[in-house]
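Student: Okay, handing you the structure first.
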Amino acid sequence: MYFIQHIESITHQDSFQKKNIWDELKPLTADTGLISPDYKNYIPVAALRRLSTILRMGITVSKACQEKVSHEFDSISVGTALGCLTDTEKFLVTINTVSGDILSPTAFIQSTHNTISGQISLDLKNHAYNMTHTQNALSFEVALKDGLLCIDEGKSSVLVGAADEAIPFLERLRGSLIETSHPFTSGATFMVLSGKKGESISHIQACEVFFSEGNTENRIEKFLSSNNCSLQELDLVLEAGSDFKSKTSAHYSFPDYSGYYQSASAFAVHMANDWFIENSDSEAILIINNMESNKLGLTLIRRNEVEA
Amino acid sequence: MSDLKENLKAQIIEQLNLEDLTPADIQDDAPLFGDQGLGLDSIDALEFIVLLDSNYGIKIADPSEGKEIFQSVNTLADYISKNQ
């Protein structure tokens with residue numbers, strides 16, 4: 001089993017360093033803004049001035065996770081769909097507009113997707129395995145599977161997370177490349193997973209990804225059945241859309257709360273973990289990531305059994 | 001020369017994202033690099049090369065010259081006025 005030892009999020013919700021994010025959770029409106037902590041408490045000022053939102057969020061939630069568990073991670077797996085968009089845009093605009101022969105190095109250096117996990121490793125002074133996964137809307141799930149494999153290999157504590165940032169340019173893609181009615185938002189969620197239960201309240205039982213069109217209901221039934229569960233046994237479904245709203249007892253469309261960024265299913269894991277805090281009769285939660293029509297991510301999360 | 005120095009300070013703040021500083025916070029003769037001054041680093045040195053190229057049309061052919069040129073606002077302004 002893969003126990004969730006700690007989880008942190010910076011999002012458009014008041015979600016950072018909260019005991020239970022459901023206390024403040026509310027559906028986002030169009031004028032939503034990122035709720036940022038004081039990054040200077042986590043990142044040296046000299047470094048902070050260069051870091052874009054996605055890097056600030058990623059480093060800060062990672063550091064908060066490390067501070068909580070007080071040990072080094074044996075691996076770091078990060079998912080991001082669009083990577084460091086602010087620096088990418090800045091670099092491309094500079095290429096088109098600057099008259100000189102030389103381009104600013106900072107935006108170029110920080111425009112790659114791998115900058116996030118690299119900066120996290122540098123800031124945590126962590127020399128262990130470190131990997132970035134970018135698989136569109138399944139970026140988080142693939143990073144999660146990487147982290148679970150690391151635990152299977154014997155690593156005792158792994159950091160898994162996802163981050164994406166919104167830039168105004170995304171609005172120009174709405175309706176063409178990106179189909180969503182939700183506001184474009186930024187968010188980062190990182191969690192510490194371990195094979196040991198510790199003080200965790202829930203664990204990830206399984207995660208599966210599908211990169212082709214298929215019958216979603218059949219896939220879900222097969223996934224649940226292979227994990228000794230069924231749709232009827234689920235206490236909560238967190239879904240990117242609303243296809244399964246009528247088939248389950250409790251259902252939330254997680255982009256209503258996270259806004260639209262392609263790795264928002266990581267925030268759904270935070271919602272699931274904290275759901276168990278107040279809902280003592282809940283046992284199983286399914287996250288259905290059907291954000292993109294030709295892809296499907298399924299994550300089954302269960303409350304830990306209480307030891308007699 | 002004083003106008004050049006004031007412009008340089010504003011450009012340094014913008015190019016290096018020194019958002020907590022104003023031009024008045026940067027002394028003309030204060031070291032730009034190291035713990036005694038603004039605490040700039042090697043990436044900032046590259047940003048200075050870009051700044052000189054894009055704002056003043058000056059190309060530094062030998063990057064090792066940068067250590068002398070980028071010591072302070074005074075040395076930067078002096079180099080620009082002699083090479084522009």
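The values are calculated or read from the model by the stated rules, or taken from the named source; none is laboratory data. It should be emphasised that the depicted structure is a prediction, and the values quoted were computed from it without experimental measurement. So basically every Cβ, Gly included, is an ideal-geometry build from the backbone, and we count neighbours across all protein chains shown. The area values use the complete protein model at the heavy-atom level, side chains included, leaving out ligands, DNA and RNA. Shrake-Rupley method; radii C 1.70, N 1.55, O 1.52, S 1.80 Å.
Student: Put A:121, A:70 in order of accessible area, largest first, 1.4 Å probe: what do you get?
Tutor: A:70, A:121
Student: While we're on this one: Could you look at segment A:202-303 and say what percent of its accessible area is carbon and sulfur, using a 1.4 Å probe and all protein chains?
Tutor: Accessible surface attributable to carbon and sulfur in segment A:202-303 totals 38 percent.
Student: Still on this structure, please answer the following. If the elastic network links every pair of Cα atoms under 10 Å, which of A:294, A:114, A:96 fluctuates the most in the Gaussian network model of chain A?
Tutor: Among A:294, A:114, A:96, the largest mean-square fluctuation in the Gaussian network model of chain A belongs to A:96.
Student: To make sure I understand the rule: partners must be aspartates and glutamates, Cα under 18 Å from the Cα of residue A:145, and not fewer than 8 residues away in the same chain. Which ones qualify?
Tutor: Correct list for residue A:145: A:74, A:153, A:208.
Student: Determine the total buried accessible area between chain A and chain B, counting protein heavy atoms only with a 1.4 Å probe; round to the nearest 100 Å².
Tutor: Chain pair A/B: roughly 1200 Å² of buried accessible area.
Student: Also: List the GluC sites (Glu not before Pro) within segment A:74-169 that fall in a DSSP loop (any state other than H, G, I, E or B) and whose Cβ has at most 13 other Cβ atoms within 10 Å. Mind dumping the intermediate values first?
Tutor: Values: sites: A:89, A:141, A:153, A:165; in loops: A:153, A:165.
Here the sparse-neighbourhood loop sites are A:153.
Student: Between B:12, B:26, B:58, which gets the highest mean-square fluctuation from a Gaussian network model of chain B, Cα cutoff 10 Å?
Tutor: Result: B:58 has the largest fluctuation of those listed.
Student: Scan chain A and hand back the longest stretch that contains none of the trypsin sites (Lys or Arg not before Pro) lying in DSSP loops with at most 14 other Cβ atoms within 10 Å. Can you show the working numbers first?
Tutor: On the way: sites that count: A:19, A:125, A:196, A:197.
Result, exposed sites excluded: A:198-308.
Student: OK, next. Please report the relative contact order for segment A:169-308, taking Cα pairs under 8 Å with a sequence separation of at least 6, and give it as a percent rounded to a whole number.
Tutor: Taking the mean separation of contacting Cα pairs over the length of segment A:169-308, I get 34 percent.
Student: If you roll a 1.4 angstrom probe over the protein chains with everything in place, what fraction of the accessible area of segment A:140-193 belongs to carbon and sulfur, to the nearest %?
Tutor: 55 percent
Student: Continuing with the same structure: Where in segment A:14-61 does accessible area fall by at least 50 Å² between the isolated chain and the complete protein assembly, at a 1.4 Å probe radius?
Tutor: With the partner chains in place, segment A:14-61 has these residues losing at least 50 Å²: A:49, A:50.
Student: Hey, another quick one. Could you check how many percent of all C-alpha pairs in segment B:2-83 are farther apart than 15 Å? Working shown, then result.
Tutor: Details: 1720 of 3321 pairs.
Across segment B:2-83, Cα pairs with separations above 15 Å total 52 percent.
Student: Right, something else. Over chain A, give the accessible area per residue in Å² for a 1.4 Å probe, as an integer.
Tutor: Spelled out: the 1.4 Å probe surface of chain A, per residue, equals 43 Å².
Student: Say we join alpha carbon atoms closer than 10 Å with springs in a Gaussian network model of chain A; which of A:188, A:47, A:107 then has the biggest fluctuation?
Tutor: Answer for the Gaussian network model of chain A: A:47.
Student: Whole number in Å², please: accessible area per residue of chain B, 1.4 Å probe, ligands, DNA and RNA not counted.
Tutor: Per residue, chain B has 54 Å² of solvent-accessible surface.
Student: Of all DSSP beta bridges located in the protein assembly as shown, what percent are antiparallel, nearest 5?
Tutor: Bridges in the protein assembly as shown are about 60 percent antiparallel.
Student: Just which residues of segment B:7-24 lose 10 Å² or more accessible area with every protein chain there, against their chain alone, with the probe set to 1.4 Å?
Tutor: Buried by the other chains: B:16, B:17, B:18, B:19, B:20.
Student: When the Debye formula is applied to the Cα atoms of the protein assembly as shown, each taken as the same point scatterer, what base-10 log of I(q)/I(0) results at q = 0.11 Å⁻¹?
Tutor: -0.80
Student: Any chance you could tell me what percent of the C-alpha pair distances in segment A:2-194 go past 22 Å?
Tutor: Result for the distance tail: 48 percent.
Student: Moving to a separate point now. Give the aspartates and glutamates reachable from residue A:247 as a straight Cα distance under 18 Å; neighbours fewer than 8 places away on the same chain don't count.
Tutor: Within reach: A:217, A:221, A:233, A:235, A:239, A:283.
Student: Quick one: which bits of segment B:45-67 get at least 50 Å² less accessible when the partner protein chains are in, versus the chain alone, with a 1.4 Å probe?
Tutor: Those residues are B:47, B:50, B:53.
Student: Which order do A:45, A:209 take by accessible area at a 1.4 Å probe, largest first?
Tutor: Largest accessible area first, the residues go A:45, A:209.
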